[in-house]
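These notes concern the structure reproduced below.
The values are calculated or read from the model by the stated rules, or taken from the named source; none is laboratory data. No experiment lies behind these values; they were computed from the predicted model shown. Positions of Cβ are generated from backbone atoms using ideal geometry, with glycine treated the same way; all protein chains shown enter the neighbour counts.
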Amino acid sequence: MAQEREIIDATGAPPAIGPYSHAVRVGGLLFCSGQIPLDPATGELVGETAAEQAGRCLENLQAVCAAAATSLERAVRLTIYMTDLGEFATVNEVYGSFFGEQPPARVTVGVAQLPKGAYVEIDAVVAL
């Protein structure tokens, strides 16, 4: 039996800047699109540092999770994309503040560029 996909539109997250959904729910999982550090109210890039931007990315992911009636604390895997891996320690500190004693699996990838000149983008797979 095929599982139905449900598109999640999170009003508390910044609008998508391309042809993608905030997230797709299928089975017991929520697949969240990458979030860059956009202010949900203005759609403008926020954060002067990679660490500040990582915090906004995670806040945006929290809004996407809330729209799907789950929470970021139920994440099973996140991927962090960074334009400067030299900032890994500061981003890691902010990231750690969002998760308790049992953080999700994670990958961090260095990339040449991100949309709108962001330093950080984060996506997630979250249990429902």
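Yes or no: Ala69 under 14 Å from the mean Cα position of the chain (by Cα) and either on the phi > 0 side of the Ramachandran plot or of a type in the set (Gly, Ala, Ser) (or both)?
Numbers: under 14 Å from the mean Cα position of the chain (by Cα): no; either on the phi > 0 side of the Ramachandran plot or of a type in the set (Gly, Ala, Ser) (or both): yes.
No: the conditions fail for Ala69.
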Yes/no for Val107 being surrounded by 22 or more Cβ atoms within 10 Å (Cβ to Cβ), out of contact with any Asp or Glu (no Cβ under 8 Å at 6 or more places or on another chain), over 19 Å from Ile7 (Cα atoms) and of a type in the set (Val, Ile, Thr): no
Condition check for Ala69: in a loop (DSSP other than H, G, I, E, B), aliphatic (A, V, I, L, M) and in contact with a Pro (Cβ under 9 Å, 6 or more places away or on another chain): no
Unique match (being part of a strand (DSSP E or B), modelled with pLDDT of 95 or more, in contact with a helix residue (DSSP H, G or I) (Cβ under 8 Å, 6 or more places away or on another chain) and among the small types (Gly, Ala, Ser)) among Ala51, Ala124: Ala124
Which listed residue is aliphatic (A, V, I, L, M) and either modelled with pLDDT under 95 or out of contact with any helix residue (DSSP H, G or I) (no Cβ under 7 Å at 6 or more places or on another chain) (or both), from Val46, Val64: Val64
Long-range neighbours under 6 Å by Cβ, at least six apart or interchain, first residue in contact (Cβ under 8 Å) with a residue 12 or more places away in the chain within region 100-128, second surrounded by fewer than 18 Cβ atoms within 10 Å (Cβ to Cβ) and of a type in the set (Gly, Ala, Ser): Leu128/Gly28
Long-range neighbours under 7 Å by Cβ, at least six apart or interchain, first residue under 13 Å from Gly12 (Cα atoms) within region 56-72, second outside any loop (DSSP other than H, G, I, E, B) and among the charged types (D, E, K, R): Cys57/Glu121; Ala68/Arg25
Where Tyr95 falls short, out of the listed (1) in a strand (DSSP E or B); (2) more than 21 Å from Tyr20 (Cα to Cα); (3) of a type in the set (Phe, Trp, Tyr): (1)
Any hit, region 19-42, residues being of a type in the set (D, E, K, R), in a strand (DSSP E or B), modelled with pLDDT of 95 or more and surrounded by 18 or more Cβ atoms within 10 Å (Cβ to Cβ): yes
Pick from region 78-102, criterion surrounded by fewer than 14 Cβ atoms within 10 Å (Cβ to Cβ), modelled with pLDDT of 95 or more and of a type outside the set (A, V, I, L, M), ranking: farthest from Leu29 (Cα to Cα): Gly86
